[in-house]
Amino acid sequence: AQSVTQPDIHITVSEGASLELRCNYSYGATPYLFWYVQSPGQGLQLLLKYFSGDTLVQGIKGFEAEFKRSQSSFNLRKPSVHWSDAAEYFCAVGAGGTSYDKVIFGPGTSLSVIP
Amino acid sequence: DGGITQSPKYLFRKEGQNVTLSCEQNLNHDAMYWYRQDPGQGLRLIYYSQIVNDFQKGDIAEGYSVSREKKESFPLTVTSAQKNPTAFYLCASSRTGRDTQYFGPGTRLTVL
């Protein structure tokens, strides 16, 4: 069955430091891959997505992610974190099923930023 | 502007009452979804619909009901059978079942 794991429940970084959020998936074919961000009390906003082509994907707010097929990973990175990046981050996989296509969300990683 | 609207933003309900949460989209998307989110938790799928007049149960459908009479609307009813309905409810839509999902701002339901 398809699944998504985000090994880090919570991460704390200092403002200006680099950031990497991990995401691993289980799926037999090439999936669609997404990263979303959620501020407290808000809906989810798409940061970036990978469907095909260049495995390094640029997104909004200075984020990027790299699809590594051999590692079944799609880690999110940012070179310099800003205090406003503190939020919940969700990795998601779009997969084709036997009867329907669906998107599976990971459990999320909560990011705190120290000024 | 295209997008998804949810109303109301905050909703209070007495125990034993049914309540309906609204979700409307003008993105011309075929697929729509309802998720529940509890504090510190991820998203749990309640119901989804991939086409008008058709919908399927998600992982936690008990105590909830939906309808999909129009492409742009996917209301969720929280019934009195739902034992712990206090939560944050998110509606989303997408072009196809595995495509980018676009989310509404959410409705926070509190049972008094």
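The values are calculated or read from the model by the stated rules, or taken from the named source; none is laboratory data. Everything numeric in this text was worked out from a predicted model, so none of it was measured. Ideal geometry is used to build each Cβ from the backbone, glycine not excepted, and the neighbour counts take in all protein chains shown. All accessible areas refer to the heavy atoms of the entire protein, side chains included, with ligands and DNA or RNA removed. Shrake-Rupley method; radii C 1.70, N 1.55, O 1.52, S 1.80 Å.
Data overview
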quantity: Using θ = phi - 60° and Karplus 6.51 cos²θ - 1.76 cosθ + 1.60, couplings along the range B:10-24 (whole Hz; Gly, Pro as x); calculated: 10, 9, 10, 9, 7, 4, x, 9, 7, 9, 10, 9, 8, 9, 10
quantity: Spatial extent of chain B: Rg and Dmax, with the Cα atoms as the point set, Å; calculated: 13.0, 38
quantity: Cα-based Kirkwood hydrodynamic radius, the range A:46-105, one decimal, Å; calculated: 13.1
quantity: Net charge of neighbours whose Cβ lies under 11 Å from the Cβ of A:VAL81, counting Lys and Arg as +1 and Asp and Glu as -1; calculated: 0
quantity: Approximate shape of the protein assembly as shown as ellipsoid semi-axes (Cα gyration tensor, √5λ), whole Å, largest first; calculated: 30, 21, 15
quantity: Greater than 24 Å apart at Cα, pairs in A:LYS61/B:LYS70; B:LYS14/B:LYS83; B:LYS9/B:LYS83; A:LYS49/B:LYS57; A:LYS49/A:LYS102; calculated: A:LYS61/B:LYS70; A:LYS49/B:LYS57
quantity: The protein assembly as shown, accessible surface, carbon-and-sulfur percent (1.4 angstrom probe); calculated: 48
quantity: Three semi-axes of the equivalent ellipsoid, the range B:2-47, Cα gyration tensor, whole Å, largest first; calculated: 22, 16, 11
quantity: Stokes-Einstein D for the range A:1-61, Kirkwood Rh over Cα pairs, 10 °C, 1.306 mPa s (µm²/s); calculated: 115
quantity: Distance from the range A:54-115 to the range B:22-72 (C-alpha centre basis), Å; calculated: 23
quantity: Chain A - convex hull of alpha carbons, volume per residue in Å³; calculated: 100
quantity: Summed buried accessible surface, chains B and A, 1.4 Å probe, nearest 100 Å²; calculated: 1600
